[in-house]
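A quick write-up on the structure given underneath.
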Amino acid sequence: MTITEKIMAINSGRDKVVPGQLVWTNIQSVMTMDYLGTETFKAFDSLGKPEVFDKERVICVSDHLVPPPTQAFATLLNQWREAVKAHDIKHFYDLGRQGIAHQIMVEQGHVLPGTLSIGTDSHANTYGAVGAVGNAVSVSDAAVAMATGKSWFRVPETVKFHITGKWQPWVMAKDLSLHIMGMMHWNGHLIYKTIEFDGPAISDLEMAGRMTLCNMTVDLGAKNGIIAPDAKTAEFLSPVQKGNWNYVTSDSDAVYEKVYEVDVTNLVPTISMPDKLDEVRRVEEVQGTKFNKAFVGTCTNGRLEDIEMMARILKGKQVHRDVNFMLVPASTQVYLDAIKAGYITDLIEAGVAVDTPSCASCAGIHTGVAGDGDIVLSAGNRNMKGRMGSKNAQIYLTSPAVVAASALTGVITDPRSI
Amino acid sequence: MTYAYGDNIDTDRIIAGKYTKTLDFSTLAEHVLEDLDPTFKSKVQKGDTLIAGQNFGCGSSREQAPLAIKISGVSLVIAKSFARIFFRNSINIGLPVLEIKDHDIESGDELKVDLEKGIVMNLSKKTTHQAAPMPKVMIDILQEGGLVLYLKKYGNYQI
């Protein structure tokens, strides 16, 4: 069996599962957040259960709406806080301790290798970075899992991406994500599938890059993305993990629907064109294109390593006067670590605005949304029309290195050229 | 009536993020598909069918996307393929969805549908399509009006 098949078998009490089979599995953690959480608790209440299945394993996070920019959001947040309190939830990451839910789930050890966790937000695929099955659901599924500790799944076929070669300077995991997007297109090949990443170039990636890679598998259409746990995973989790775990990895005779090979030695800074996630170019092909807003943050690229990359490029220099640059760290922990490392000082001195952790403009409803005519260079995950606010704005998606290098010149710039 | 749209219709185009902070039905109905087809909400009627190409409902995990479609009056969505979260959410809120890989249905085509068997006859083009089969538990969840109502009735999944 593949790692995902094994996790589904183990957690549904079976010796073996095959793709297409329906299973009812145990869930390690159920995440919900300010945006859909109140409705999730309402749906849970309608089931008539007195308590959630485990108050330590229902994780609540404020990320889409904090700090509230409008009265309407403030009122929604009050309802949310009431709901969390009423259900006596033990892990509540609210304003002051907040972060983007997916970052929190991994960073705070609520996701464990060899288990399944679900969250009411599409980028729950991120949890695959630590060798877990992370799955995005919505209100009904989360409410039922809160009540039962279980959820149903169709065992997906596994597609493997075997990644080899040596990472080149200024090339990041995001470039690989976008490269694969351009390779596969949105043509349905990966819908419902598990994407398993392995190979020496994956072993070389730190947890931040693994999270980026697994995060964007949802945007490839996949059910989940996963990387088998290794020594780096264990080292990352040991100070924070909320429970014990076992190494679960793919068997040597596992069956894959398809195996793709990518050699990162040849990978270059990569960019996705406005409105079309799968229309992907080498950055050098669009070098010189003007833009006016730069954004680094989100559950895709708001981590310490991303901020470090920005600081390496921007330290001692100045953001171009025609560019408004916003950084929104993915969590309070990331923000604090970046302050301690001196990166935040470097970036503020360079002319980058830094805001307290949230999903920010990524979902088009919070800090730094795009208006008519904006051309945004973003290190986020989606660029469809209207995604960050106005449908008359254009969004290019790329890596934090490309955003930072471009912010210096005011036009899209390959970081290898500066 | 059938209304057909193209590939990769994302959840923001089904119902934009700014309208989805609640499950308030009137807000959802007011803005369903407005960026894709501003005339949709005024012409859609109860029992109509929505047709799409590949990867329908990609993007966000918001349950409001299928809910907005259901509230608009649409009683069935047929697509060449669905984004998996949208497919799952549709079942969970009781909106029937059929996946037909190579359908020829265009706006205005008259259809005859057998939901349980997954057979769709395109009377306008005189063709018949067989949808991907749906497991029994999904049909049961649909028939109960969604996952929460299903669980209330049975107390557990019957897999």
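Every number in this text was worked out from the coordinates using simple rules, so none of it is lab data. Fair warning: this is a prediction, and the values are worked out from it, not measured in the lab. Here Cβ is always computed from backbone atoms with ideal geometry, including for glycine, and neighbour counts include all displayed protein chains.
Numbers at a glance
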read-out	value
Per-residue Cβ neighbour rank within 10 angstrom, fewest leading, A:126, A:270	A:270, A:126
Given charges at beta-carbon only (K, R positive; D, E negative), |dipole| of the protein assembly as shown in Debye	540 debye
Segment A:61-91 versus segment B:25-73: alpha-carbon centroid distance in Å	28 Å
Exposure proxy ranking, count of Cβ atoms within 10 Å, fewest first, for A:2, A:249, A:345	A:345, A:249, A:2
Excluding exposed DSSP-loop GluC sites (Glu not before Pro) (at most 16 other C-beta within 10 Å), longest clean stretch of chain A	A:57-205
GNM result for chain A, Cα springs below 10 Å: residue of A:120, A:356, A:289 fluctuating most strongly	A:289
Overall form of segment A:1-82 per C-alpha gyration tensor (a/c, 1.5; a/b vs b/c)	prolate
Shape category assigned to segment B:14-159 from the gyration tensor of Cα positions, a/c cut at 1.5	oblate
Listed residues A:118, A:179, A:169: farthest to the positive end of the dipole of segment A:3-262 (Cβ charges)	A:118
Shape category assigned to the protein assembly as shown from the gyration tensor of Cα positions, a/c cut at 1.5	rounded
Choice from A:34, A:306, A:374 showing the highest fluctuation, given a GNM over chain A with Cα pairs closer than 10 Å	A:374
Rounded to the nearest 20 debye, dipole of segment A:271-417 from Cβ charges on Lys, Arg, Asp, Glu	120 debye
Among A:117, A:378, A:238, residue whose mean-square fluctuation peaks in a GNM of chain A (springs only between Cα atoms under 10 Å)	A:238
Exposure proxy ranking, count of Cβ atoms within 10 Å, fewest first, for A:183, A:388	A:183, A:388
Over the protein assembly as shown: helical MRE at 222 nm, DSSP H runs n ≥ 4 each giving -39500 (n - 2.57), nearest 500	-8500 deg cm²/dmol
Given charges at beta-carbon only (K, R positive; D, E negative), |dipole| of segment A:3-262 in Debye	280 debye
Percent RCO, i.e. relative contact order, over chain A, from Cα pairs under 8 Å lying at least 6 residues apart	17 percent
